[in-house]
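Each value in this text was obtained by applying a stated rule to the coordinates, not by laboratory testing. Treat the numbers as computed from the prediction; the structure is a model and nothing was measured. With ideal geometry, Cβ positions are generated from the backbone for all residues, glycine too; neighbour counts draw on all protein chains shown.
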Amino acid sequence: MGTAADSGPAPGGPGPDGDLDWLVVRGRGRSASRVLDVAARSLDTARAFSAFTPRVVVATTAASMQGAASPATAASAHALHLIAADALELPFRDGAFGVVTCRSTAHCFRELLPALRQIARVLRPGGALLLAERLAHDDTDATAFMGEIERRRDPTHVRAFRPLEWTAFLRAAGLTVIDDVVLVRTRGWDDWVRSAGLDAGARRELDRYVLAAPAPHREAFHFALDGDRIVSFTEETLALRADKD
């Protein structure tokens, strides 16, 4: 799998929306008339794909959609098609979509393989899943450490997977990886934690957990410290295209 260094925003690169840029480039090349965005927590992906797709359907739940009541989102939603649906029970006919997107939400699936099989079912033959998802570390203890951080920040987090695990799950669902890249991004700790809306007490406990962890666990994700203040960490995101057999 390829790796993009953290050298600034570029199509397919590791900037703030580098994974979305990568997916959009591949989506344009598919020229699908219908796209489904699965388990969406925002309309960012759907908006981007609606620029070149006649019909974009957003499958989400009211609890997971961020900013649903904002004027900007309401205006965008008018041009899209929002449907309340669980990724494990997609209410669409077989082969209904040429492309399915799933961006930064698969780590919240209660069961990954059944969700991927649902995605494969609603893809037409030759259709493509375009997915971006954070990766687990090869070291299991480091992965457990980061998983606990994720769950404290977002209780819906279930688990992250390694690239080889993704390939195996996709293959079992009838999807073949055609193109992929690992995007490396440095995240500012304050902004990342603040975006989850943690209260002050939960934030202090999360900081304590990170600072008290064994140094190798922090080093696995390149946590940068300034004394007792957490500055940043590094996140790896797998972006891929997997086609239905």
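Using Cβ contacts closer than 10 Å as the measure, can you line up LEU36, LEU131 from fewest to most?
Going from sparsest to densest Cβ surroundings: LEU131, LEU36.
Compute for region 117-222: radius of gyration divided by Kirkwood radius, i.e. Rg/Rh, restricted to C-alpha atoms, rounded to two decimals.
Rg divided by Rh gives 1.04.
Using helices alone, I'd like the mean residue ellipticity at 222 nm for the chain: each DSSP H run of four-plus residues gives -39500 (n - 2.57), total over residue count, nearest 500.
-10500 deg cm²/dmol
What is the packing order of peptides 183-191, 88-96, taking the mean over residues of other C-beta atoms within 10 Å and listing the highest first?
Highest to lowest by the protection proxy: 183-191, 88-96.
Which listed residue (TRP189, ILE178, ALA168) has the Cα farthest towards the positive end of the charge dipole for region 127-227, taking +1 on Lys and Arg C-beta and -1 on Asp and Glu C-beta about the Cα centre?
Going by the charge dipole, the pick is TRP189.
Using alpha carbons only, how many degrees (0 to 90, rounded to 10) separate the axis of helix 200-212 from the longest principal axis of the chain?
The helix 200-212 is inclined about 70 degrees to the chain.
Say the dipole of the chain comes from +1 at the beta carbon of Lys and Arg and -1 at that of Asp and Glu; which of PHE221, ALA32, LEU131 then lies farthest toward its positive end?
Working it through, the farthest residue towards the positive pole turns out to be ALA32.
Any chance you could list P(r) for region 95-170, counting all Cα-Cα pairs in 5 angstrom bins from zero, rounded to whole %?
Answer for region 95-170: a P(r) of 3, 15, 23, 24, 17, 9, 5, 3, 0 percent.
Spin-label point model (7 Å from Cα, Cβ direction): what's the ASP228 to ARG28 distance in nm?
5.0
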